[in-house]
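The values are calculated or read from the model by the stated rules, or taken from the named source; none is laboratory data. Note that the coordinates shown come from a computational prediction; the quantities given were computed from them, not determined experimentally. Cβ placement follows ideal geometry from the backbone for every residue including glycine, while neighbour counts extend to all protein chains displayed. When the accessible area is computed, the model is the full protein with side chains, heavy atoms only, and any ligands, DNA or RNA have been set aside. Shrake-Rupley method; radii C 1.70, N 1.55, O 1.52, S 1.80 Å.
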Amino acid sequence: MSSVILNRRARRDYEITDIVEAGVELTGSEVKSLRLGKANIGDSYADPRDGEMWLINCHISEYSSAQKDIHHSPLRSRKLLLHKKQINKLSGSVNKQGYTLVVMKIFFNKKGYVKVEIGLAKGKKLHDKRASEKRKDWERQKQRLLRNKK
């Protein structure tokens with residue numbers, strides 16, 4: 001079973017328009033720590049710098065069984081592995097249209113590689129959050145009524 005770290009607040013606080021899957025450049029102790037599910041991506045985001053994409057503010061705890069001289073810094077910036085066209089498209093959207101790149105989840109794919117889902121997002125206002133809550137509540141009520149009618 002592959003471990004998955006989710007950012008549950010992302011869909012609540014942001015309007016997600018596009019989702020991109022990227023690889024991450026990690027050390028061995030970081031991968032082992034991720035397999036144990038010891039990471040926090042609540043405040044994480046991606047940032048384009050010098051033609052590369054970087055994962056910022058992602059907290060991956062130190063692996064306790066690693067050697068003392070191999071420990072990594074938990075909040076270090078990590079390079080994201082994307083094609084040049086994807087980087088240019090995402091950085092253009094961030095710079096021109098006022099979008100941000102929010103980390104949605106970190107997971108292991110079928111081959112065992114660590115992948116990060118990045119969402120191209122625009123922040124929601126308070127009234128947008130209320131409207132989406134109303135819509136979700138109505139959908140739940142509708143499903144209950146249809147389920148009870150059968």
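General observations
- Cα gyration tensor shape for region 66-148, rounded if a/c is under 1.5, else prolate or oblate: prolate
- Region 16-123: C-alpha gyration tensor shape, a/c 1.5 cut-off, then a/b vs b/c: prolate
- In the complete set of protein chains, residue-level accessible area for Ile19 is approximately 70 Å², probe 1.4 angstrom.
- Comparing Leu82, Leu55, Leu120 in a Gaussian network model of the chain where C-alpha atoms under 10 Å apart are linked, the largest mean-square fluctuation is found at Leu82.
- Shape call, region 1-44: gyration tensor on alpha carbons, a/c limit 1.5: prolate
- The mean accessible area for residues of region 1-120, using a 1.4 Å probe and ignoring ligands and nucleic acids, is 60 Å² per residue.
- Total charge dipole magnitude, the chain, about the Cα centre, Cβ charges on Lys, Arg, Asp, Glu only, Debye to nearest 20: 1100
- Highest-fluctuation residue, Val102, Val94, Val116 considered, GNM on the chain with Cα pairs under 10 Å: Val94
- Using heavy atoms of the protein chains and a probe of 1.4 Å, the accessible area assigned to His127 is about 120 Å².
- Residue among Arg140, Arg49, Arg35 with the largest mean-square fluctuation in a Gaussian network model of the chain, springs linking Cα atoms under 10 Å: Arg140
- Estimated inter-spin distance, Lys110 and Lys129, nm [label 7 Å along Cα→Cβ]: 3.9
- Only protein atoms count toward the accessible area here, which uses a 1.4 Å probe; on the chain, the carbon and sulfur part of that area reaches 48 percent.
- Those residues of region 33-55 whose amide nitrogen sits under 20 Å from the label point placed on Thr100, 7 Å along Cα→Cβ: 40-50, 53-55
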